[in-house]
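See below for the structure under consideration.
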Amino acid sequence: MVPISWYLIWAAALFSIGLFGVLSRKNAVAILMGVELMLNAVNINLVAFWRYLDVRAIAGQAFAVMVFAVAAAEVAVGLALVISVYRRRQTVAADEIDLLKW
Amino acid sequence: MTDPLALLGDWLLNLLAQLNLPPGLRQVILYLLGVSVIATVALVITIFNTWLERKIAARIQDRLGPNRVGPWGLLQPIADAIKMLTKEDTTPAAADKVAYNIAPILAVVSVLLIWAVIPFTSQWFGTQLNVAVLYIAAVGSFGVLAVLMAGWSSNNKYALLGAFRAVSQLISYEVPLFLSLLIPVLLARSMDISVIVEKQATLLEMYVVAAPLAALLFFISSVAEVGRTPFDLLEAESEIVAGYHIEYSGFKFGMFQAGEFMHTFTIAALTALLFLGGWQGPGVAQAPILGLFYFMGKSFAVYFVTMWMRSTLPRIRIDHMQALNWKILVPIALTLLMLTPIVDYFTKDLGVLFSAFGGALTLSWRFAALLLTNILVTLAAIEAVRRNAKRNFVERSRFPERPVARPPREEAA
Amino acid sequence: MTPDQILFIVTALISTLAAVMVVSRRNMVHAALFLVLTLFGVAVAFVLLEAPFLAVVQVLVYIGAIAILMIFAVMLTRNVTDDSGDPFNKNARVGGLAALFVFSLLVVMFGGWSQFTAYPQAGDTSGSIVQLGVALTAADGYVIAFEVASMLLLGALVGAIFVVWPRQNENE
Amino acid sequence: MHNSWLFIGIFILVAGVFPALPIILFHIFGPKRQTPEKLETYECGMETVGQTWVQFKVQYYIYALIFLVFDVEIIFLYPWAVAFDKLPLLGVAAGVLFIFLLADGLWYAWQKGALEWS
């Protein structure tokens, strides 16, 4: 049997890799990919705890499904923004999109 | 009547038991055999279908079709395979090698995997999943990925453009496909295909009676999903450069082709299972093996319809293709999906409407109400389309007259 | 080691390596394809955790839709300078350190955990889809979250179309 | 349940081997007389002009976007449909409302003209 700590550590690894991607990639699409990795890490944790605690309490799965919806919404709007910005500024580098800093 | 496959299975189990293997490994070996059998059956049916399709298309078009290699041209597919082997294996220099070579494999895998959950009879099936319907939908997404990979990795403008068009067609038609798949799931209260088939025990209990519109939507959107005529714009060999697989040759191209042929029969089988009762038929309870003939008969009947469509219908235009999907199929599916649960909820306990031939023809109130709902939605949809067409016609007739090329008038000399 | 554990380790290793490729590849299509591999690994993990519904949904949503959308967006935002130059910004070192810090913190937290080493005895998950369906629409369950998710997706659809739809004055 | 997924896992491996095998055999035994010219990309008889990654119109993205939203909403409905027998009237109504909101999204896209292939 796989102990739950294995799942948690794997999820932690995916989360950290995603965090690194979000913090240090230039390309805005790559940043969104990092966010996807982080959301998936969360999902692994939710499902693992659902399975190792009480399977009759369905909260873990219900939350995981909600995370799917949130991830889809985030990708749809995020990529739409990226495409829109690209069409105006011809760039997808996140550190060049700094108009709001002024 | 004893089941020959069960006998064979028992014999194999005995054989394996004598080998003294650990039970886990024994199971894996048994599964490996079962998987190979199913995959082989799927491939053999596909090979046979390539011959059948050419023969039937030829008859419809008043030709003879393949008739040189073997009796009635039966060995033609093998000759084709040998021809393909003698083609040259090329990978374009500018291609992305890994993705380029994985894509054709993925295209076949995405179809072959569906066969893991198809029940041939009540006893013969690969495996039973309680999420089988969603599994089929999920596996199909690998096919989309394969198209995109093939188009992108070829490093060819036309391939990429073809892939984009193909993917936008595939994902668009996945929406009515998933929506119409939901209706048999709703009626059977299960995603397990075996359960869905079991619930369609008699003739009037087939889901094509309770949900004829869903069956039609499923059939149309799966044909579009395969990309067959009239939805074969990604190939359109008579008009444009071939689609995403333009840079492929020999066996790699053959794999895309094989995947398409296999997919066509697979959707026919799925239609038979989900809406026509699969292996159900008279006498199945006594002799389960009869189910195989019923299932195959129904599948080939649906398959014949796809072939018929292919040889008779003209190709649809790309804007019409998208409009048909988003403005007709999806709204109908959504309407149906809103009405079906409501009707189902209020009629599920009402019992039998009429029964004849000793229960062989039993129509429940529930199915009658659902059928009525379907008919009303169909009529409403036809009326809406008709009005829209009329309005469009009026609008178009308001356009100024277009200039027409006329022959120069003869000047009086 | 049991077969379960071997399968888990192989899956976790492959998908973690693929995740590293996702954040480090310069070619964005490659990154997206590696993302598909990572997400498939997560789907395998869901199967191991006996949540088959979530496994197929993972494949359907992430591989079938989100990854495709990502690749489309990459194609639409093609920039000549994408394939050359540094894929990382100037925060890369800080970001790496932060990620390493978070990871080591979590490993220290979970590594020594000796609870939950096996599934609970009273665990039959075959009915979990029905449970999920009931819970999602039950008044004492998640019906609010269910409808809010629908509203959220509707909002996302409306917003995304609004943002991405070309305006008349833009094409000059 | 675990066993049926073992079956699927083996099926994935075998399904990968089935098409891969002829391709590998073909690679080994098929004729190979390759010249740099042959391996060039063929684009309608012309030499390749410009970059392959031409930019595509945003319409493709919009279809993919609508598909993504529908895809996620539909998967919410599958457990609802499976649990249909155990649902009270409120649960059924919640599902129908969900589908209605989904239809709203389609209606918006239609009104906005996002469904036109231009």
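All of the numbers you see were taken from the coordinates with simple rules; none came from a lab. If you're wondering where the values come from, they're calculated on a predicted model, not measured in any experiment. Ideal geometry is used to build each Cβ from the backbone, glycine not excepted, and the neighbour counts take in all protein chains shown.
In this structure the amide hydrogen of B:Y244, modeled in the peptide plane, comes within under 5 Å of the amide hydrogens of B:A163, none closer than 5 places in sequence on its chain.
Find the relative contact order for chain C and round it to a whole percent, using C-alpha pairs within less than 8 Å whose residues are 6+ positions apart. Kindly include the intermediate steps, with their values, before the conclusion.
Details: 85 pairs, mean separation 26.0, N = 172.
Result for chain C is 15 percent.
Net charge in the neighbourhood of B:L350 (other residues with Cβ under 14 Å of its Cβ; Lys, Arg +1, Asp, Glu -1) is 0. Taken over segment B:179-305, the percentage of Cα pairs per 5 Å bin, counting from 0 up to the bin with the maximum distance, is 2, 10, 17, 20, 16, 12, 9, 7, 5, 2, 0. Here the dipole of segment B:1-119 is about 320 debye; that uses its Cα centre as origin and unit charges on the Cβ of Lys and Arg (positive) and Asp and Glu (negative). Determine the sum of side-chain charges near B:R68: Lys and Arg each +1, Asp and Glu each -1, restricted to other residues whose C-beta is under 15 angstrom from that of B:R68. Local charge sum for B:R68: +3. Ordering B:I193, C:S24, B:Y248 by the projection of their Cα atoms onto the charge dipole of the protein assembly as shown, which places +1 on the Cβ of Lys and Arg and -1 on the Cβ of Asp and Glu, puts B:Y248 at the extreme positive end. Here the Karplus relation 6.51 cos²θ - 1.76 cosθ + 1.60, evaluated at θ = phi - 60°, turns the backbone of segment D:11-20 into coupling constants of 4, 4, 4, 5, 5, x, 5, 4, x, 5 Hz, with x for every Gly and Pro. To the nearest ten degrees, helix A:4-24 and the longest principal axis of the Cα atoms of chain A are 0 degrees apart. Along its first, second and third principal axes, ordered by size, segment B:32-98 spans 44, 36, 21 Å in Cα coordinates. Only Cα pairs under 8 Å and 6+ residues apart enter the sum, and on that basis the relative contact order of chain B stands at 18 percent.
Apply 1/(1 + (r/R0)^6) to the Cβ-Cβ distance of C:F162 and B:N14, taking R0 = 45 Å, and write down the FRET efficiency to the nearest 0.05.
On the way: r = 67 Å, r/R0 = 1.50.
Calculated transfer efficiency: 0.10.
Here the 3J(HN,Hα) profile of segment C:53-62, calculated from phi with Karplus coefficients 6.51, -1.76 and 1.60 at θ = phi - 60°, is 4, 5, 5, 5, 5, 4, 5, 5, 7, 6 Hz, Gly and Pro shown as x. Scanning residues 5 or more positions from B:L353 or on other chains, those with amide H under 5 Å from its amide H are B:L363, B:S364, B:W365, with H placed 1.01 Å from N in the peptide plane. Directionally averaged projected area (chain A, Cα convex hull): 7.5 nm². In whole percents, the pair-distance distribution calculated for segment B:87-316 from its alpha-carbon pairs, binned every 5 Å from zero, is 1, 7, 14, 18, 18, 14, 11, 8, 5, 3, 1, 0, 0. Can you give the net charge of the other residues whose Cβ lies under 14 Å from the Cβ of B:T335, counting K and R as +1 and D and E as -1? Taking every other residue near B:T335 into account, the sum is -1.
Could you point to the residue in B:L182, B:A79, B:Y158 farthest towards the positive end of chain B's charge dipole, with +1 and -1 charges on the Cβ of Lys/Arg and Asp/Glu respectively? Looking along the dipole axis, the top candidate is B:Y158. Estimated from helices alone, the mean residue ellipticity of chain A at 222 nm is -27000 deg cm²/dmol (sum of -39500 (n - 2.57) over DSSP H runs with n ≥ 4, per residue).
Which helices of chain C meet both criteria: a Cα extent of 15 Å or more along the helical axis and a mean Kyte-Doolittle score no lower than -0.5, with helices taken as whole DSSP H segments? If you can, show how the numbers build up before the last one.
On the way: long enough: C:3-24 (32 Å, 1.83); C:28-48 (30 Å, 2.53); C:92-111 (27 Å, 2.06); C:143-164 (31 Å, 2.49).
The qualifying helices are C:3-24, C:28-48, C:92-111, C:143-164.
Approximating the spin labels as points 7 Å out from Cα along Cα→Cβ, the D:V17-to-C:A118 distance works out to 3.3 nm. When the C-alpha to C-alpha distance is required to be over 20 Å, the pairs from B:K327/B:K390; B:K348/D:K86; B:K199/D:K86; B:K55/B:K252 that qualify are B:K55/B:K252.
Counting Lys and Arg as +1 and Asp and Glu as -1, each charge on the Cβ, what is the dipole of segment B:225-326 about the Cα centre in debye, to the nearest 20?
Working: 6 positive and 8 negative charges, 73 e Å.
Once rounded to the nearest 20, the dipole reads 360 debye.
Of the DSSP H helices in chain B, those with a Cα length along their own long axis of 18 Å or more and a mean Kyte-Doolittle hydropathy reaching -0.5 comprise B:4-18, B:23-60, B:97-112, B:132-153, B:157-188, B:212-226, B:250-275, B:290-312, B:330-347, B:365-397. Comparing B:P331, B:T50, B:L33 along the charge dipole axis of chain B, the residue lying farthest to the positive side is B:P331, per the Cβ-charge model. Over segment B:1-149, one equal point on each Cα, no solvent: what is log10 I(q)/I(0) by the Debye formula at q = 0.13, 0.16 Å⁻¹? Once normalised to I(0) and log-transformed, intensities are -0.93, -1.15.
Once you have a ≥ b ≥ c as the square roots of the Cα gyration tensor eigenvalues for chain C, tell me rounded if a/c is under 1.5, and otherwise prolate or oblate according to whether a/b is larger than b/c. It comes out oblate by the Cα gyration axes. Think of it as helices only: each DSSP H run of n ≥ 4 in chain B is worth -39500 (n - 2.57), and spread over all residues that comes to -22000 deg cm²/dmol at 222 nm. Separation of segment C:46-118 and segment A:31-102, taken as the distance between their Cα centroids, equals 10 angstrom.
Placing +1 on each Lys and Arg Cβ and -1 on each Asp and Glu Cβ, with no other charges, gives chain C a dipole about its Cα centre of roughly 500 debye. Karplus-based coupling profile of segment B:349-354, in residue order and whole Hz: 9, 7, x, 8, 8, 8, with θ = phi - 60° in 6.51 cos²θ - 1.76 cosθ + 1.60 and x standing for Gly or Pro.
Quick one: in the protein assembly as shown, what % of C-alpha pairs are over 36 Å apart? Counting pairs separated by more than 36 Å, the tail of P(r) holds 47 percent. Run through all the Cα pairs of chain B and give the fraction in each 10 Å bin from 0, expressed as whole percent. Distribution as computed: 4, 18, 27, 25, 16, 7, 2, 1, 0, 0, 0 percent.
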